[in-house]
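Notes to accompany the following structure.
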Amino acid sequence: MSRKLFCLCNEVEESEVRKAIRKGELYFLPAVSEATGAGTGCGRCRSRIQELIDEEKKRLPAIRQLKLEF
Ligand code: FES
């Protein structure tokens, strides 16, 4: 199985980023970057990290989504 690198600068895979978001309930980009290292280099992958965060937020129950808005 080939690795799907997400952040080339720090060799972080997409699955690692998703796992960090879900396991740590990290819904803000700096927290995800701190936990995984993704996005701490050139920054090219930061928009994709935000997309993953947004995707994972949509998986939450509506009440949890509302709490994140405030
Ligand atoms: S590709 Fe992620 S910081 Fe450069």
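Values in this text are rule-based calculations from the coordinates and carry no lab data. Every value quoted in this text rests on a predicted model; they were computed, and no experiment measured them. Positions of Cβ are backbone-derived with ideal geometry, glycine not excepted, and every protein chain shown enters the neighbour counts.
The table below gives the values:
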read-out	value
Single residue of the range 13-35 satisfying the filter (within 21 Å of R3 (Cα to Cα) and of a type in the set (A, V, I, L, M, F, W, C)) that is surrounded by the fewest Cβ atoms within 10 Å (Cβ to Cβ)	A35
1 or more residues within 16 Å of the ligand (Cβ to nearest atom): qualifying helices (runs of 4 or more DSSP H) within the chain	14-24, 29-36, 46-58
Qualifying residues in the range 36-64 (those that are of a type in the set (S, T, N, Q) and surrounded by 14 or more Cβ atoms within 10 Å (Cβ to Cβ)) - the one farthest from the chain's Cα centre (by Cα)	T40
